[in-house]
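The values are calculated or read from the model by the stated rules, or taken from the named source; none is laboratory data. The shown structure was predicted, so the numbers you read here are calculated from the model rather than taken from an experiment. Here the Cβ positions follow ideal geometry from the backbone for every residue, glycine too, while neighbour counts run over all protein chains shown. Each accessible area value is taken on the protein alone, full model and side chains, heavy atoms only, with ligands, DNA and RNA left out. Shrake-Rupley method; radii C 1.70, N 1.55, O 1.52, S 1.80 Å.
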Amino acid sequence: MGSLKNLLTDIPGVRVGHADDAKLASGVTAIIFDSPAIASIDVRGGGPGLRESALLQPEAAVEAVDAITLSGGSALGLDAAGGVQAWLAEQGRGLRIRDAVIPIVPGAICFDLLNGGNKAWGRFPPYRDLAYAAASVAGTDFALGSVGAGLGATTANFKGGLGSASAQIEGGVMVAALAVVNAVGTVTVGDGPWFWAAPFEVDGEFGGRGLPPSFTPDMLKARLKGGPDATSSENTTLVVVVTDAVLTKSQAKRLAMIAQTGMARAIYPVHAPTDGDVVFAAATGSKPVDPLFGLTELGMVAANTVSRAIARGVHTATALPFLGALPAWRDRFG
């Protein structure tokens with residue numbers, strides 16, 4: 001990829017910041033757009049936790065957003081977007097209605113309340129303050145793995161985390177993805193070293209193990225976090241896809257829908273009643289793209305990039321330091 005970093009911030013005008021608390025075993029990731037970005041959303045999980053999702057539908061009047069916030073904490077983490085709003089307001093950023101300035105910050109959460117961290121935070125959850133801190137440090141370089149909103153994330157068999165990847169389509173249009181992987185299913189084939197996303201891997205970015213030489217019935221069994229006791233709030237994969245293409249809000253919606261298929265190539269099973277899977281899609285609007293074939297190709301590459309980001313989130317994760325915590329992929333396979 002040349003000078004690119006294989007990160008969401010390979011899209012010019014996009015910055016990412018993390019803030020987390022090791023004792024809490026949870027955190028926040030803020031995606032900041034230097035200029036408002038056209039955005040929409042596609043939701044397929046059975047238990048989503050969202051803020052400003054109605055605003056992102058194509059028929060809603062507001063077209064652009066200033067930031068997107070991803071957080072742990074389940075529904076209590078929806079406060080996080082307020083922290084990013086506060087930081088943006090201090091910068092004078094937001095939708096202007098006469099003398100009023102309103103930062104537009106959609107958000108989504110994942111459930112990480114039972115991962116061993118100390119969630120006895122008192123009257124108010126800490127996510128608003130964490131989000132303000134994340135926005136304050138947002139830049140073009142950011143860590144992957146057990147950081148930010150991915151600090152407390154888990155899957156059915158390995159520690160989850162935060163991953164990212166980027167790609168370019170013919171003609172120079174860029175697309176990139178950031179994923180917080182807290183899935184009810186698995187990102188690996190069985191309990192082995194292989195990632196379901198292996199066909200889309202670039203330059204050994206998640207270990208270069210490929211796929212197993214054959215698939216056994218055991219590999220195709222459902223491995224579900226929590227088993228029959230799982231609830232609709234416990235699992236989620238959160239994805240933000242950003243492109244530098246010029247898109248309308250309806251086209252951003254279509255991009256989110258096509259990109260969502262990348263989850264199905266990286267997580268097994270996916271979009272379950274116990275998942276809260278969501279894809280945000282945003283366009284910074286600097287390069288034209290054909291509205292039919294070009295948008296289709298962009299969506300195809302975006303889906304592949306989502307798969308890669310998901311695998312990287314698990315590949316780079318580190319185990320939580322609590323008794324009984326899930327192992328990290330690297331603990332088993334280096």
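Just a few scattered comments:
- Total charge dipole magnitude, the chain, about the Cα centre, Cβ charges on Lys, Arg, Asp, Glu only, Debye to nearest 20: 340
- Phi-based couplings in Hz for region 316-326 (Karplus 6.51, -1.76, 1.60; Gly and Pro marked x): 9, 5, 10, 5, 6, x, 10, 4, x, 5, 4
- Exposure of Arg254 as accessible area (Å², to 10), given a probe of 1.4 Å and all protein chains: 110
- When the chain is treated as a Gaussian network with alpha carbon springs shorter than 10 Å, the biggest mean-square fluctuation among Gln260, Gln57, Gln91 belongs to Gln91.
- Fully extending the segment from Ala143 to Arg98 would add 12.3 nm, taking 0.36 nm per residue of separation and subtracting the current Cα-Cα distance.
- Partner aspartates and glutamates for Lys23 [C-alpha distance under 18 Å; skip if fewer than 8 residues away on the same chain]: Asp112, Asp129
- Among Ile258, Ile31, the order of accessible area from largest down is Ile258, Ile31, computed with a 1.4 Å probe on protein heavy atoms.
- In plain terms, the chain from Thr216 to Ser136 could stretch by 24.0 nm, reckoned as 0.36 nm per residue minus the Cα-Cα distance.
- The trypsin sites (Lys or Arg not before Pro) of region 61-147 that meet both conditions, a loop assignment by DSSP and at most 12 other Cβ atoms within 10 Å of the site Cβ, are Arg98, Arg123.
- Classified by the C-alpha gyration tensor, region 24-101 has an oblate form. Its axis ratio a/c, with a ≥ b ≥ c, is 1.5 or above, and a/b does not exceed b/c.
- J(HN,Hα) series, region 240-247, from Karplus relation 6.51 cos²θ - 1.76 cosθ + 1.60, nearest Hz, glycine and proline x: 10, 10, 10, 10, 8, 6, 8, 10
- Mean separation of Cα contacts under 8 Å (6+ apart) over length of region 277-332, as relative contact order %: 19
- Potential extension, Thr248-Ala64 segment - 0.36 nm per residue separation minus Cα distance: 65.2 nm
- Identified option (computed mean projected area of the Cα convex hull in nm²; candidates [x] 32.9; [y] 15.8; [z] 16.6): [z]
- Cα-based shape type of region 98-183, given that a ≥ b ≥ c are square roots of the gyration tensor eigenvalues and the cut on a/c is 1.5: oblate
- Order of exposure, largest accessible area first, which applies to Lys287, Lys23 with probe 1.4 Å: Lys23, Lys287
- Each of Ser35, Leu224, His315 was placed along the dipole of the chain (beta-carbon charges, centred on the mean Cα), and the one lying farthest toward the positive end is Leu224.
- Loop-located GluC sites (Glu not before Pro) in region 8-72, at most 16 other Cβ atoms within 10 Å (DSSP): Glu59
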